[in-house]
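One structure is given here, and the rest of the page talks about it.
Just so it is clear, none of the values below were taken in a lab; they were calculated from the coordinates. This one's a predicted model, so the numbers in the text were calculated from it and none came from an experiment. Counting neighbours? That spans all protein chains shown, and the Cβs are built from the backbone with ideal geometry, glycine included.
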Amino acid sequence: MLTRRLVVCLDVKGGRVVKGVQFEGLRDVGDPVELARRYEAEGADEVTFLDISASAEERGTLWELVRRTAEQLFIPLAVGGGVRTVEDVGRALRAGADKVSINSAAVANPALLTACAERFGAQCVVASIDAKRDGDRWRVYTHGGRKPTDLDAVAWARECVARGAGEVLLTSIDRDGARTGYDLALTRAVSEAVAVPVIASGGAGSAAHVREAFQEGGADAALVAGILHDGLTTVGAIKALLREGGLHIRSVA
Amino acid sequence: MRVTLFDYGAGNLHSLAKALATVPGAEVRVQEDPLRALDTDVLVLPGVGAFGAAVARLAPGREAMRAALEQGLPCLGICLGMQLLFEGSDEGEGAGLGYFAGRVTRLATKRVPEIGWNQVEDERTLAGARLDTVYYAHSFVCRAAEASVVTGWTTHEQDRFPAAVRRGRVVGVQFHPEKSSTAGVRFVQTFLREVAP
C-alpha cells in the first residue's frame, strides 16, 4: 500500500530560496541544496522547487541548481514554475528533476501534457492547478493565480489526466498562505474525480491540517512550505501526528 | 572498480551516479554504446525512458550483453533497467535481454502509474541491506515466470508484483533506490560491496 506523502515546497529565485514578506518583497532564506537535504534528513518524502524568477537571467540559474540538488538529494525532486515547452521539461529532467509541474502552459495548450507524457512518461508530468472557489464550484486561474479562466477545476483535472498527467498538484488560491487549512472540499472533489495521485496544496497552518487533507480531503500527498520554513512545526512532528491518526506513512530509520 | 551506467538517452542519471560514487573505489562512468558499456566491472541499467526506445538503443549489443551477464558480469537494473532484463514488454516493441524469463505488463490497478513510497515484503535480495519502504514511479511491472528469482514483493492496490529479482550476480529492482533516501543509497552501496566486490 502506498504511503501518504509529505512534500516540502521551496520557492526559488536566482538560485536561492526566497520567502515573500508582506509589503516588503522577497527575503533570501538560504541555499536550496542545503535546505532540501535538511528536509530529506528530517523525513520529507519529496521536495518541490517552485521557480518564481521574474527574468530569463534568474531562470537560467534553475537548471544548474537542479543539477547540484539532484547530486545530493536522494528523494524525488519536482520542479515547477515557468515551464512552457516540451524542451523545458526535457531540460529539467536532464538536469536531474524527477517530475515537472506544468500550470499556465497546459491551460494555454493542453496538448503539451500529452506531448510530455509520450516523450518522458506520465510519471514525470504533474498538472499544477490553481483553483479558487466560485459559488459551489472552483474556477481555474493561471499566471500565479492572477488570471481567471473559464475552466472548472474538477473537469480540468480530469482532462489533464486524460491528456497524460501522472499527478495533480492542486492549490487552493483562497487558502494559499492563509494557514487556515487546506480546502478540503476542493481536495476531495478532485481526488474522487481522477485516478492519479492528488497533492493538496495551500493553507497548511498546522500538522492537524495536513492530517485533514488526507483523512477528509482524500489526498495522496500534502504540500507544506511556510509552516516548516518558519519553524512553526517540523516534518517529524507532522509525521508523528499522521501516524497517531492511523495513516500509513514512511518512517525514517 | 569500474561502474558503467548504460545511458539510453533519456537523461537524469545524476542521483544514481552520485549514489554509486559514494562507494570508495567506484569509478562511475556513463556510456551510450551498449558494446562499449560491457567493458566494465559492473553494469548498471538505469531507470528512465520507455521500453521500446531503450531496446532499440540496446539492440546492437543485446546478444553480447546477455552473454556477459550469463558469464557473471555484475549488473543492477533499476525500474526500466530491471524490465530490460526480461523477455519483452507490453509497453513497446522489441526484445529485452531475456536474462529473466517472463514479460513486462501494465499494472493491473486503478491508479497507474504507481507514484510514491511503498513497502517491500519478504525482501532477501542482499544480505547486508534490508529494504522497507521505497520509492516507485512506474506503470509496468515484471511478471517473472519463475517465482524463485523474486527476492522481494510489493503490492499496489490488488496487484502483487516483483519488487526485486536476482539470479547470480544480476539484480533487478522495480523501485528507485537512488530516490529511496538513506535506505536506498545503502542498498546501492551494498550491491557494489556484496555482489560486485
Where labels lie 7 Å past Cα in the beta-carbon direction, separation of A:LYS147 and B:GLU32 in nm: 3.6 nm
What is the distance, in nm, between label points placed 7 Å from the Cα along the Cα-to-Cβ direction at A:ARG84 and at A:ALA208? 4.5 nm
Counting other chain Cβ atoms within 10 Å of each Cβ in A:1-10 and taking the mean gives 3
Using θ = phi - 60° and the Karplus curve 6.51 cos²θ - 1.76 cosθ + 1.60, what whole-Hz ³J(HN,Hα) does each residue of segment A:112-119 get, with Gly and Pro shown as x? 4, 4, 5, 4, 5, 5, 5, 7
Using only alpha carbon positions, build the gyration tensor of the protein assembly as shown, then give the equivalent ellipsoid semi-axes as the square roots of 5 times its eigenvalues, largest first, whole angstrom. 36, 22, 22
In what order do A:ILE227, A:ILE129 fall by count of nearby beta-carbon atoms within 10 Å, going from fewest to most? A:ILE227, A:ILE129
Exposure proxy ranking, count of Cβ atoms within 10 Å, fewest first, for B:HIS156, B:HIS176, A:HIS248: A:HIS248, B:HIS156, B:HIS176
Here, B:ASP41 and A:ARG67, labelled 7 Å along Cα→Cβ, have an inter-label distance in nm of 2.8 nm
Computed over segment B:65-148, the Cα gyration tensor eigenvalues, each multiplied by 5 and square-rooted, give semi-axes in Å (largest first) of 22, 19, 11
What are the chymotrypsin sites (Phe, Trp or Tyr not before Pro) within segment A:10-62 that DSSP puts in a loop, where the Cβ has at most 15 other Cβ atoms within 10 Å? A:PHE23
In nm², what is the average projected area of the convex hull enclosing the Cα atoms of segment A:5-244? 11.8 nm²
So which GluC sites (Glu not before Pro) in segment B:73-179 are both in a DSSP loop and have at most 12 other Cβ atoms within 10 Å of their Cβ? B:GLU93, B:GLU146
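For chain B, the longest stretch holding no trypsin sites (Lys or Arg not before Pro) located in a DSSP loop with at most 13 other Cβ atoms within 10 Å is which?
Maximal segment without exposed cleavage sites: B:1-109.
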Expected integer from the mean partner chain Cβ neighbour count at 10 Å over B:117-123 is 3
